[in-house]
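Notes follow the structure.
The values are calculated or read from the model by the stated rules, or taken from the named source; none is laboratory data. The shown structure was predicted, so the numbers you read here are calculated from the model rather than taken from an experiment. Neighbour counts are summed over all protein chains in view; Cβ atoms, including those assigned to glycine, are modelled from backbone coordinates with ideal geometry. Just the protein is used for accessible areas: all its heavy atoms, side chains included, with ligands, DNA and RNA removed. Shrake-Rupley method; radii C 1.70, N 1.55, O 1.52, S 1.80 Å.
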Amino acid sequence: MSTNNIELTERFVKEHLSGYDSGHDWWHITRVRDMAVHIHKAERKGNKNVIEMAALLHDIGDSKFRKHGDPDPGVIISGFLKSLDVEDDQISEVVRINRFISFSSQKKPDIKSDEFNIVQDADRLDAIGAIGIARAFSYGGFRNNALYQPDVNSKLQEGPGCGNSTIAHFYEKLLVLKDMMNTETGRVIAEERHTYIVDFLKRFFEEWNVEK
Ligand code: ADP
Ligand code: NI
């Protein structure tokens, strides 16, 4: 993959993400790409070009932002990469990563390649730590969700998360991510970011529950 191809892909992705919220913007893509390259270097696994392409293209066609009648993300991605003369087996790997990367996706990947494992870890790491907290409240604002709803019946097994609030999302997703990492490098970073989130929640509830 030439530098020029990477630049063309960056431009293509920027155009596609223009309707997304700030948690899924170009800077999210940049962070995921940088983290994926970092993990690739630390683990010495996977093909760097595929990892970089897949990180750049991982949010193309996200179901939350897909409009009725939009083409399948795989069609969009393979059409684009074919125009850059990327090899067929690399194209199918990038498409597969895009298809199976999502936490909310019910689809499970058939094979977990090194490239898949690395890009998925990088995407998941961007959902925890300080940036994860910022993204969650940004997404909640985009959806006009409450910060926290202590009065709504919890559908959760544990923790004070309730309803559609952003705090509920911490219990549904953010706190479980550290146990879902694929790589050792990802696991170490996730542990530290997880601790930061736990501290944040503790403080959030302390401030919420003012003693009268
Ligand atoms: P994935 O790409 O794994 O499906 P999402 O696209 O669901 O992840 O989430 C992207 C970002 O938006 C993450 O930072 C996630 O924590 C946040 N997010 C998703 N759903 C919610 C929600 N209901 N409330 C708050 N934040 C959310
Ligand atoms: Ni993402």
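Please specify each residue of the stretch 25-54 satisfying the condition of being of a type in the set (D, E) and within 14 Å of ligand 1 (Cβ to nearest atom).
D25
Kindly state which helices (runs of 4 or more DSSP H) lie completely within the stretch 110-212 and contain at least 2 residues that are in contact with a Ser or Thr (Cβ under 8 Å, 6 or more places away or on another chain) and at pLDDT 95 or above.
Result: 114-125, 129-142.
Answer with yes or no whether I97 is more than 16 Å from ligand 1 (Cβ to nearest atom), at pLDDT 95 or above and open to solvent by less than 20 Å² (accessible area, probe 1.4 Å).
no
Could you pull out the residue among A122, A127, A134, A146 that is surrounded by 18 or more Cβ atoms within 10 Å (Cβ to Cβ) and closer than 22 Å to K202 by Cα? I'd like the intermediate steps shown before the answer.
Numbers: A122 fails: closer than 22 Å to K202 by Cα; A134 fails: surrounded by 18 or more Cβ atoms within 10 Å (Cβ to Cβ); A146 fails: surrounded by 18 or more Cβ atoms within 10 Å (Cβ to Cβ).
Result: A127 is the single residue among A122, A127, A134, A146 that is surrounded by 18 or more Cβ atoms within 10 Å (Cβ to Cβ) and closer than 22 Å to K202 by Cα.
Taking the condition in a helix (DSSP H, G or I), more than 16 Å from ligand 2 (Cβ to nearest atom) and closer than 30 Å to F200 by Cα, does A42 pass?
Here the answer is yes, as A42 does meet what is asked.
Out of all the residues in the stretch 47-86, which are in a helix (DSSP H, G or I), within 21 Å of D34 (Cβ to Cβ) and open to solvent by 20 Å² or more (accessible area, probe 1.4 Å)?
K48, N49, E52
What's the total number of residues in the stretch 133-148 that are polar (S, T, N, Q) and within 9 Å of ligand 1 (Cβ to nearest atom)?
Going through the stretch 133-148 one residue at a time, the tally reaches 2.
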